[in-house]
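Below is one structure, written out as structure tokens; comments come after it.
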Amino acid sequence: VSLYTLIAFGFILSIELHHQAVSSDSNEERLEHYYSPPLLEDENISKEGLCVRPGHTEPYDLSFERLHNKQVITISGFGGSGITVGEGAVHAQLERFESQVLPQLPYHRETEIAIIGNGVIGSLTALHLNNKGYKNILVFTDQKSASATPNAGGYIAASIADGHPEAEQYKQMCLTTFKGFSAAFEGTHPFIDAQDKDIVRRLPVYRTGGKSAALENYVAQRLMKPGINVKLHILDTEVSHNLYCYEDAMYVNPRLLLQHLHHQVTRYQIPVVDRHIGYLSEIEASVVFNCSGALAGKLTGKQGSYIPTLGHYMLLHNQPESAQGLNSSNSMIVAQGSEFAANNGHNVSMSLNLLPKTGVKEEGENYQAYLGGTFIKNVRLNRHGYVKKENHYPEAFKHILNNAREFFGLPTS
Ligand SMILES: Cc1cc2nc3c(=O)[nH]c(=O)nc-3n(C[C@H](O)[C@H](O)[C@H](O)COP(=O)(O)OP(=O)(O)OC[C@H]3O[C@@H](n4cnc5c(N)ncnc54)[C@H](O)[C@@H]3O)c2cc1C
């Protein structure tokens, strides 16, 4: 029994002890839970982050095409859900590759394969190919180009409207990914060794808006327990919220996951070249996995179908060590926010995501929590995938903070 299992068990037990059935205003039975609000003063904000989610007009871009005499396989465009759908999407494309393309390749598993990008998708693709016995893999990545992965929140949930032509495949990919992270948590994944490393955790998520279609996908498969109605009391304030809680939701720390995947790529001696690929014709390999995130459409001439979405978030530090009960290090809060028109003409939709971000060290700093964020669609990117200056929206950070302060009953500024 790992230390984590014991901690998780102790934690769940302590929540159980806090449970007390009450009757809510709407006569629904609710359990009372207690939450220590985060500290949200200037000295508690360690970083203001700005980054891009690689979105697409369709739920994703999983295209297979022949371009410049190469078989090009794209795995990109998952918007704010790339960690959630990622490993399932990699499996889906590798299956298709092995059934349709591999039989025609003269060198089979010795065939030279190029992967463009080493975010979560490119790294998982490299490691799964290696695990399947492919011997000739080369990863290209441009250190100067933006990567969404380390900036992500890490809440594992993605939904798609029932009836959408891709809905079944999307749900299956989400389930495959969830099972992959569960295996990593239990120590049975072929290369993600997440035990005792803070990479994968099962944590309660408290949501506004009732049941989550995304999480019900996992509940239906018995990968998660059904949710419960909760009255969440914010300690030291008069505030409480009626929320819906899934007690064993999945949280993945994207920065730690990516560090681990890069470590594994090195360990398995998969070569990585720091080079910007401007055109597919620069690559010698006859098979190319295009995992270049928000820039994936540029390489295949389909940039118009990509919707880069700007995200703002904050990293918190100097949080109280001794916070009682539930807090931002042992649970997730996901609350719908507002939509408004920004003064620079952008349409901003804002929600409140307060997630742990423990164990992450950067520039000597230990972060403790992640607070997001905004979704501003269709921003313009430069050659390296960064948002152009005219699309920056620094006021967003103040909106995010005030949104969170309001939720936790703290004074707004
Ligand atoms: C603020 C925010 C919060 C998010 N929260 C969540 C969440 O809670 N849950 C979730 O599931 N997802 C979340 N996401 C989404 C998730 O981060 C992305 O969908 C996912 O990380 C995309 O991974 P990727 O590997 O496709 O792209 P990236 O991580 O962007 O990697 C692309 C790679 O390609 C390289 N590259 C690009 N162009 C070239 C080129 N021409 N030549 C060589 N290399 C190139 C880059 O250097 C980079 O390494 C969030 C995203 C943001 C921005």
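The values are calculated or read from the model by the stated rules, or taken from the named source; none is laboratory data. From a predicted model like this one, the values you see are computed outputs, not experimental measurements. Note that each Cβ is placed from the backbone with ideal geometry, even for glycine, and that neighbours are counted across all protein chains shown. When the accessible area is computed, the model is the full protein with side chains, heavy atoms only, and any ligands, DNA or RNA have been set aside. Shrake-Rupley method; radii C 1.70, N 1.55, O 1.52, S 1.80 Å.
Details
- Here is the figure for the stretch 200-227: residues that are open to solvent by 50 Å² or more (accessible area, probe 1.4 Å), within 29 Å of Ala183 (Cβ to Cβ) and in contact (Cβ under 8 Å) with a residue 60 or more places away in the chain total 1.
- Failed condition for Gln169, given (1) within 23 Å of Gly55 (Cα to Cα); (2) open to solvent by 20 Å² or more (accessible area, probe 1.4 Å); (3) free of Cβ contacts under 8 Å to residues at least 12 places away in the same chain: (3)
- Restricting Gly133, Gly122 to those that are in contact with a helix residue (DSSP H, G or I) (Cβ under 8 Å, 6 or more places away or on another chain) and in contact (Cβ under 8 Å) with a residue 24 or more places away in the chain reduces the list to Gly133.
- Subset tally (residues that are β-branched (Val, Ile, Thr), under 30 Å from Phe178 (Cα atoms) and either assigned to a loop (DSSP other than H, G, I, E, B) or open to solvent by less than 10 Å² (accessible area, probe 1.4 Å) (or both)) for the stretch 266-295: 3
- The residue that is surrounded by the most Cβ atoms within 10 Å (Cβ to Cβ), counting only those in the stretch 3-34 that are at pLDDT 50 or above and hydroxyl-bearing (Ser, Thr, Tyr), is Tyr34.
- Residues in the stretch 361-370 include none that are under 20 Å from the mean Cα position of the chain (by Cα) and in a helix (DSSP H, G or I).
- Residue match in the stretch 105-117 (condition: within 9 Å of the ligand (Cβ to nearest atom) and in contact (Cβ under 8 Å) with a residue 12 or more places away in the chain): yes
- Condition met for Gly304 (open to solvent by 30 Å² or more (accessible area, probe 1.4 Å), within 30 Å of Gln71 (Cα to Cα) and away from the ligand (no atom under 15 Å from the Cβ)): yes
Quick grid of which residues meet (1) within 9 Å of the ligand (Cβ to nearest atom); (2) of a type outside the set (A, V, I, L, M, F, W, C); (3) within 21 Å of Glu110 (Cα to Cα):
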| site | (1), (2), (3) |
| --- | --- |
| His263 | no, yes, no |
| Thr266 | no, yes, yes |
| Leu280 | no, no, yes |
| Ile283 | no, no, yes |
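- Residue check for Pro37: modelled with pLDDT of 95 or more and not in a strand (DSSP E or B): yes
- Subset of the stretch 140-181 (residues that are more than 7 Å from the ligand (Cβ to nearest atom) and among the β-branched types (Val, Ile, Thr)): Ile160, Thr176, Thr177
- Odd one out for Val230 among (1) open to solvent by less than 10 Å² (accessible area, probe 1.4 Å); (2) within 22 Å of Lys357 (Cβ to Cβ): (2)
- Count - residues of the stretch 178-199 that are polar (S, T, N, Q), part of a loop (DSSP other than H, G, I, E, B) and either modelled with pLDDT under 95 or surrounded by 16 or more Cβ atoms within 10 Å (Cβ to Cβ) (or both): 1
- The residues in the stretch 247-265 that are open to solvent by 10 Å² or more (accessible area, probe 1.4 Å), in contact (Cβ under 8 Å) with a residue 12 or more places away in the chain and over 17 Å from Thr125 (Cβ atoms) can be counted, and the count is 4.
- When each of Glu321, Glu339, Glu406, Glu390 is tested for being closer than 19 Å to Gly49 by Cα, more than 16 Å from the ligand (Cβ to nearest atom), more than 20 Å from the chain's Cα centre (by Cα) and open to solvent by 20 Å² or more (accessible area, probe 1.4 Å), the lone residue that passes is Glu390.
- The one condition in (1) in contact with a Leu (Cβ under 9 Å, 6 or more places away or on another chain); (2) among the hydrophobic types (A, V, I, L, M, F, W, C); (3) within 13 Å of the ligand (Cβ to nearest atom) that Leu129 fails to fulfil: (3)
- Number of residues in the stretch 125-175 that are among the basic types (Lys, Arg) and within 16 Å of Leu257 (Cβ to Cβ): the value is 0.
- So Ser81, is it within 15 Å of the ligand (Cβ to nearest atom), under 30 Å from Leu203 (Cβ atoms) and modelled with pLDDT of 95 or more: yes
Okay, residues lined up against (1) in contact with a Gly (Cβ under 6 Å, 6 or more places away or on another chain); (2) assigned to a helix (DSSP H, G or I); (3) more than 30 Å from Asn382 (Cβ to Cβ):
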| position | (1), (2), (3) |
| --- | --- |
| Val85 | no, yes, no |
| Ala92 | no, yes, yes |
| Glu95 | no, yes, yes |
| Val101 | no, yes, yes |
| Ala114 | no, no, no |
| Gly122 | no, yes, no |
| Thr125 | no, yes, no |
| Ser145 | yes, no, no |
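- Condition check for Ser46: hydroxyl-bearing (Ser, Thr, Tyr) and open to solvent by 30 Å² or more (accessible area, probe 1.4 Å): yes
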